[in-house]
Amino acid sequence: MGTLAQWLGAREAAWLYERVRGIDGSAVEAHGGSKSISRDETFPADIDSDDDLSRELLALVTRASADLRSDGLTARTVTVRIRDFDFRTRQASRTVDAPVIADRVILEVSRRLLSKLRHARRVPARLLGVGLSSLAMDAQADQLALFAKGGDAVAETDRDRVLARAVDKVRAKFGDRGILPARLIE
């Protein structure tokens, strides 16, 4: 450090000496919350059946949307990722008009995305994943879209939100398996 002090001065040499070694006494600050929530499942054996993939998708959506609500967040973008048997990874995303929290809406969007991916290349799958992004705090979650289309399957309703929160309360009391979609019961 002596030579460094001669070149730069004592103060700058001490500063550089500490930085090079990762020594810093200043506080560490987080730069925001989660940017996305995702759940993936790698299968022990490749899955070729659309019905089996749909069941796995349901399980992933159930977990991801519960985590979304437990963090007090909403999502606008849903992404489905699939890794084929030959390790080729593909994904598709959709951003919905209004922030969502309900399993039904997230599942509907996810099913459409999975169908699109499977239609493009129908081969056995090694991994399936669901991601939720464009996250925001749930402050406006009770503010539904004013001009939502009645027949739109991806429009979240007040009933969807009430149901999702009721399911969360049951799971909080009886555990994650306290209430499940019927397709996930073994």
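Here, each number is a calculation from the coordinates, and none is a lab measurement. These numbers were taken from a predicted model, which means no experiment stands behind them. Positions of Cβ are generated from backbone atoms using ideal geometry, with glycine treated the same way; all protein chains shown enter the neighbour counts.
The table that follows gives values for the structure above.
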item	result
Fewest-first ranking of 176, 103, using other Cβ atoms within 10 Å as the exposure measure	176, 103
Added length on full extension, which subtracts the Cα-Cα distance from 0.36 nm per residue, residue 182 to residue 17	53.3 nm
Semi-axis lengths (Å, descending) of the ellipsoid that matches the C-alpha gyration tensor of the chain	42, 24, 17
Packing-based exposure ordering (other Cβ within 10 Å, fewest first) of 174, 43	174, 43
Average Cα contact separation per residue, the chain, under 8 Å, 6 or more apart, as relative contact order %	26 percent
FRET efficiency, 1/(1 + (r/R0)^6) with R0 35 Å, evaluated for residue 28 and residue 95 via beta carbons	0.60
Per-residue [θ]222 nm for the chain (sum of -39500 (n - 2.57) over DSSP H runs n ≥ 4, rounded to 500)	-13000 deg cm²/dmol
